[in-house]
Amino acid sequence: MIAKADGEQQTTILTQPSVQETLTTVVAKADVGEGAELYLKVGRKVARVER
């Protein structure tokens with residue numbers, strides 16, 4: 001998962017157990033700010049996550 005805020009980028013690598021959780025739970029565990037843009041990258045595919 002990629003979070004972008006204030007010109008900075010934070011990448012969180014998802015573990016095998018986290019892939020089995022809901023996206024809401026994974027976002028909460030990633031501890032990103034409320035105004036951050038979130039993206040989910042799998043291989044070469046990237047999807048923007050709307051909250």
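Can you send over the carbon and sulfur percentage of the accessible area for the chain, probe radius 1.4 Å, protein chains only?
Roughly 51 percent, rounded to a whole number.
Could you compute how much accessible surface Val42 exposes when probed at 1.4 Å, giving the result in Å² to the nearest 10?
Counting only protein heavy atoms, the figure is 100 Å².
Roughly speaking, what is the stretch gain from Lys29 to Glu50, that is 0.36 nm per residue apart minus the C-alpha to C-alpha distance, in nm to one decimal?
Working: separation 21, 0.36 × 21 = 7.56 nm, distance 1.65 nm.
Extra length from Lys29 to Glu50 when fully extended: 5.9 nm.
In terms of solvent-accessible area of protein heavy atoms at a 1.4 angstrom probe, what is the ranking of Thr15, Thr24, highest value first?
The most accessible residue leads, giving Thr24, Thr15.
Work out Dmax and Rg for the chain from the C-alpha atoms and quote the Rg first, both in angstrom.
Cα-based Rg and Dmax for the chain come out at 10.5, 30 Å.
Would you mind checking which residues have amide H under 5 Å from Leu14's amide H? H placed 1.01 Å from N; only 5 or more apart, or other chain.
Answer set, sorted by chain and number: none.
The values are calculated or read from the model by the stated rules, or taken from the named source; none is laboratory data. From a predicted model like this one, the values you see are computed outputs, not experimental measurements. Accessible surface areas use protein heavy atoms only, side chains included; no ligands, DNA or RNA. Shrake-Rupley method; radii C 1.70, N 1.55, O 1.52, S 1.80 Å.
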